[in-house]
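Take a look at the structure below.
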Amino acid sequence: LLDGAPQSHVDLDDPTYLDFEYQRRLGHVIDLAAPPGRPVHAVHLGGGALTLARYVAATRPRSTQQVVERDAALVRLVRRELPLDPNARIRVRSTDAREGLAKVPDGWADLVIADVFSGARTPAHLTSGEFLTDVRRVVKAGGVYAANLADGPPLAHLRGQIATAAGVFPELALVADPAVLRGKRFGNAVLVASDRPLPLPELTRRAASDPHPARLEHGKTLRDFTGGATPVTDATAVPSPPPPPSAFR
């Protein structure tokens, strides 16, 4: 926990177990990013307890992963209390997510996952079109970008993030609890983007069959959802909204 907000959950005996709803949804994206078991090159912006990096290592052995986690003290704590498998090919950089991303070679990653929060808010500089343009530089042809986004009514942040991603990636999908999509409560949504068609039928099936079912939006429905939101730039970017006090009760 950080300031009362859940940050990470790890099962050291079973790294394939994902407890949080949004992590399960990101797990589905990982599963569908390449044929089952095939190693991938993955970049994780935001590391936390390295839950998703452990998941990739367990489900896709011999994958090569780079984790960018700014909080060096957190990284030391995790390494000490939740040790990584010494055979996992996971490199952790303690630097700002955008600075770390800039050091990744062009077209290196099959998968880029963004799950970056300062407290319970995504920093402004990780919400812009300029940031996503650098993500696109790093993702190889046919690769996938996935981001954990958090918002509540009136969903202005979420709509803006979709509009911003649409200016960089031709293929988009959004996975979230229907109540969040209707603006009924604060929650997480997973944005998935690529330069190729996404595995929408299977992603839809997996999201719907979760313990906490989610809905997938794409195409015209997703474009309509943005409601004419303006893409975010470095000049206009602001952090994601803080969760209400009741969000994690």
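Couple of notes before you dig in:
- Some residue of the range 97-104 being in contact (Cβ under 8 Å) with a residue 12 or more places away in the chain, surrounded by fewer than 22 Cβ atoms within 10 Å (Cβ to Cβ), assigned to a loop (DSSP other than H, G, I, E, B) and more than 19 Å from the chain's Cα centre (by Cα): no
- Search result, residues across the range 1-58 that are under 23 Å from THR127 (Cβ atoms), modelled with pLDDT of 95 or more and among the acidic types (Asp, Glu): GLU21
- Residues that are more than 17 Å from the chain's Cα centre (by Cα), closer than 19 Å to GLY227 by Cβ and not hydrophobic (A, V, I, L, M, F, W, C) were ranked within the range 137-184; the one that is surrounded by the most Cβ atoms within 10 Å (Cβ to Cβ) is GLY152.
- Conditions (1) open to solvent by 60 Å² or more (accessible area, probe 1.4 Å); (2) within 17 Å of the chain's Cα centre (by Cα): number failed by SER128: (1)
- Among the candidates ASP14, ASP96, ASP85, residue that is closer than 26 Å to VAL175 by Cβ and touching a helix residue (DSSP H, G or I) at 6+ places or on another chain (Cβ under 9 Å): ASP14
- Candidate set: the range 161-176, residues that are in a loop (DSSP other than H, G, I, E, B) and not aromatic (Phe, Trp, Tyr); chosen: the one nearest to LEU45 (Cα to Cα): VAL168
- Matching residues in the range 24-49 - criterion: being β-branched (Val, Ile, Thr) and either open to solvent by 10 Å² or more (accessible area, probe 1.4 Å) or not in a strand (DSSP E or B) (or both): VAL29, ILE30, VAL40
- Candidates are the residues of the range 50-65 that are of a type in the set (Lys, Arg) and not in a helix (DSSP H, G or I); the one that is most open to solvent (accessible area, probe 1.4 Å) is ARG62.
- Residues within the range 202-222 that are open to solvent by 60 Å² or more (accessible area, probe 1.4 Å) and either among the hydroxyl-bearing types (Ser, Thr, Tyr) or more than 20 Å from the chain's Cα centre (by Cα) (or both), tallied: 3
- Contacts under 8 angstrom Cβ, first residue in the range 179-192 being more than 24 Å from TYR145 (Cα to Cα), partner open to solvent by less than 10 Å² (accessible area, probe 1.4 Å) and hydrophobic (A, V, I, L, M, F, W, C), 6 or more apart: GLY183/LEU155
- Taken together, LEU158, LEU191, LEU216 contain a single residue that is assigned to a helix (DSSP H, G or I) and at pLDDT 95 or above, which is LEU158.
- Residue check: ALA120 meets all listed conditions (1) surrounded by fewer than 19 Cβ atoms within 10 Å (Cβ to Cβ); (2) modelled with pLDDT under 95 but one, namely (1).
The values are calculated or read from the model by the stated rules, or taken from the named source; none is laboratory data. Treat the numbers as computed from the prediction; the structure is a model and nothing was measured. No Cβ is skipped: glycine too gets one built from the backbone with ideal geometry, and neighbour counts run over all protein chains shown. Side chains are part of the model used for accessible areas, which takes the heavy atoms of the whole protein and leaves out ligands, DNA and RNA. Shrake-Rupley method; radii C 1.70, N 1.55, O 1.52, S 1.80 Å.
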